[in-house]
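The values are calculated or read from the model by the stated rules, or taken from the named source; none is laboratory data. Predicted, not measured: the structure shown is a model, and the values here were computed from it. All Cβ positions, glycine included, derive from the backbone under ideal geometry; neighbour counts span all protein chains shown.
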Amino acid sequence: MSQLTRLSQALIDEPLAPRPSVEDLWTRSRRRHQRSRSIMAGLLVLIVIGTFSITRIDGASPSSQTLPTLNAQLASYFRAAGAVPNATLQAVGLPSNVALPTKITPSVPTVATNGVVSYVGAEYCPYCAIQRWALLVALSKFGSFTNLDSQILSSSTDVYPGLASWSFVGAKYSSTYFTFDPTELTSSTPNNSGGYQPLEKMSAAQQRAFNRYNPQGGLPFVDIGNHYVTLGASASPSVLEGLTLGDIGSDLSSASSPVAQAIDGTANYLIAALCTMVQGTTPSLCSASVIRLASKVLAIGVASSSEIPGVTTSPTQPPTNAPLSVWRAWSVKERAFLLHTAANFRSTNPACTVLKIAVTPNRYKKTTLGFPPGVTSWAISLVGKCSPGNIGKGLFKSP
Amino acid sequence: METFDAWYLREHDRMIATLALSTGDIELAVEGVDEACSRALERWKRISAMESPTGWVYRVAINHARRVARRRGMEQLVFRKQVPMPDLPAPAGEIWKLVASLSERQRQVVMLRHVAEMSENEIGTVLGISRGTVSSTLHDAHQRLGRLLGDENEL
C-alpha cells in the first residue's frame, strides 16, 4: 500500500461529503430529463422560426404571414416597454434590490463618449437580458427605437437559462438628446472552443471606456456619457425566469410585479443618470419626484432611507463552515443593514461634515476573519471633513 | 450481478475522495460523482455488465466535472464570479498540497492509481489513453512526488 493510499484512506473512512440516497439520485435523473426536454423544445421552436425565416426569404411560402405577425407581436412588447407610464415609474420608486449606477471621474478621452450612451453585452448573457429591458424603458423616455425585431433566448446552459430577450443587433435609436451605441459581442450559439459565436466588435471609444472602467471585463457594461457606468446587471435576472416577452412587456406596467420592481426600478436610476446628460430643455420626467430622488441617491452613492426596508440590527455572522446559501442570505441582510445605517448616518461631531458615504463590497480568495472564500462582505466607507481644530477627532465621536 | 445499492455504498466515498484530490475542489467532485452515479443508476443493467462499472462512472464523473469547471471559468471571466480556492479539510488538504504541483493529467492518474486503486489498464480506459501513457505519466508523477516527499521510492 502506498503512502498516498494510506493517507487517502482517512478520506474514505470519514467521507468528504454526505452520500445522497438512491431516491435523491432518481430525483436528479428526473430533473436532467426535464431539462433536456426543455432544451429540445427550445431548439424545436428555433428550427420552426428558422424555417419560417427561410420561406419568407424565398417569398413563395403560404406561411410567409407568420413572421410579420411575430414581428408585430415583438413590436407590441417593445411599445409596451417603451411606454411604461411615468406614474408606474413613480409607484415603483427606488427598490432596495436594485444596484445603483456608479459615478465615475472621466479619465478616458471624452470627445467620442460625451453625449453617447454605450452598451456592451452579449446575446447568451442572462444578465444582459434584464439590463436590455431597463435600458429600453429608460431610453424610450428620451427617444425611440426601431428595428428591435430579433428575439433571442439567453444561454440554455448558463445560470438563469433561456431568458426571453431580444438583441440590439441592427436596432436603431433616435433621440435629440444623445446617441445610443450598443454592441452585442457574441450570439447565444456555442462554438467549438467552449465560447459563443462572435457577433460585433466594440468601437475604439467603447473599448477604451470598457478597459478603463470595467477592467475585469464583466457583461453587460453600460456607460452613460462617461459620467455613470453600470457593471453587470443592476437587478437579479431571476425575475425573468419562465416569462415570455409578452409576460414581461405587460408586467412592466404593473408597479407591484417583481419584473417592474427590478426593471422599472433600474430604469429610474438610468433615467436620473441620463437626465444629467441632457443639454438645453430638460424633459419634464427629469423633474418627477422619483427621478429627483434617484439623482440625489446617485450623487451620494447610497439609497435613501425611506426606500430601504428597516433592517435596523446587524445580522449575526454565520460560522465559517456554514453552507454558502446561509452566507449569501447573511450577505444580503448585512448589505441592507449597512445601507440603512449609511443612509441614516449623521456625524455626531457638529464640527464635521460627511462628504461621501458608501457601502462597499469585499471578497476574499481564502478564509479571512471568519469569512469563507466567495462570500461578499460589506463595509461602510466614509469621507468627511472637519473644521480647523477638530481634525483628528473623527466623525463618529463627539469632541 | 451486483446490485446498484451495494456498488454505490462501496464506491461512492472513494470516488468523491479521488475526484476531490484530482481537482482540489470538493464541490466539483460531489457534482461530478453524483451526476455520474445518477446516470449509472438509470442504466445499471447495462453498466453492471461492463468489465469495470466503476471505471465507466469515473469517466462520466471526470467529464462532467470538467464541463462544470469550464462553465465556472467562463462565469468567472465574464460575470466576475469568484471561484472558491481549493479548501480541503485535513488530511485532504495535506495531500492536495503535495500533489497540487502536478499537472492535471498526472494528478488524475495518480489518484486513480493510489486512491481509486485501479489498474493501469483501467486508468487508460477511464481517461481514454494508452496503458503506456498511463505508465509513463505515473512514473513522472512518482519521481516528482518522491522528490517532494524526500524519498524517491516511497509512494
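When you go through A:Pro190, A:Pro182, A:Pro237 one by one, which is the residue that is within 14 Å of chain B (Cβ to nearest Cβ) and under 19 Å from A:Pro101 (Cα atoms)?
Testing whether each residue is within 14 Å of chain B (Cβ to nearest Cβ) and under 19 Å from A:Pro101 (Cα atoms) leaves just A:Pro237.
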Some residue of the stretch A:217-231 being assigned to a helix (DSSP H, G or I), at pLDDT below 90 and either out of contact with any His (no Cβ under 7 Å at 6 or more places or on another chain) or surrounded by fewer than 17 Cβ atoms within 10 Å (Cβ to Cβ) (or both): no
Any hit, the stretch A:272-280, residues being modelled with pLDDT under 90 and in contact with a His (Cβ under 9 Å, 6 or more places away or on another chain): yes
Selection count where residues are assigned to a helix (DSSP H, G or I), buried (at least 16 other Cβ atoms within 10 Å of the Cβ) and either under 13 Å from the mean Cα position of the chain (by Cα) or of a type in the set (Phe, Trp, Tyr) (or both), scope the stretch B:100-121: 10
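Looking at the structure I just gave you, is A:Trp133 surrounded by 24 or more Cβ atoms within 10 Å (Cβ to Cβ) and among the hydrophobic types (A, V, I, L, M, F, W, C)? Please lay out each step first, then the result.
Numbers: surrounded by 24 or more Cβ atoms within 10 Å (Cβ to Cβ): yes; among the hydrophobic types (A, V, I, L, M, F, W, C): yes.
When the stated conditions are applied, A:Trp133 passes them.
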Selection count where residues are in contact with a Pro (Cβ under 9 Å, 6 or more places away or on another chain), among the hydrophobic types (A, V, I, L, M, F, W, C) and facing chain A (nearest Cβ under 10 Å), scope the stretch B:31-62: 2
Residue identified as basic (Lys, Arg) and either at pLDDT 90 or above or surrounded by 21 or more Cβ atoms within 10 Å (Cβ to Cβ) (or both) among B:Arg59, B:Arg72, B:Arg67: B:Arg59
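Take the stretch B:19-35 and flag every residue that is of a type in the set (Asp, Glu) and within 16 Å of A:Gly374 (Cβ to Cβ). Break it down stepwise before answering.
Here is the first cut: in the stretch B:19-35, the ones of a type in the set (Asp, Glu) are B:25, B:27, B:31, B:34-35.
B:Asp25, B:Glu27, B:Glu31 - these are the residues of the stretch B:19-35 that are of a type in the set (Asp, Glu) and within 16 Å of A:Gly374 (Cβ to Cβ).
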Residues that are more than 7 Å from chain B (Cβ to nearest Cβ), within 27 Å of B:Leu145 (Cα to Cα) and either at pLDDT 80 or above or in a helix (DSSP H, G or I) (or both), drawn from the stretch A:3-30: A:Arg6, A:Gln9, A:Asp13
One residue from A:Ser188, A:Ser165 being farther than 30 Å from A:Val278 by Cα, assigned by TED's automatic domain parsing to the domain that holds A:Ser250 and either surrounded by 22 or more Cβ atoms within 10 Å (Cβ to Cβ) or not small (Gly, Ala, Ser) (or both): A:Ser188
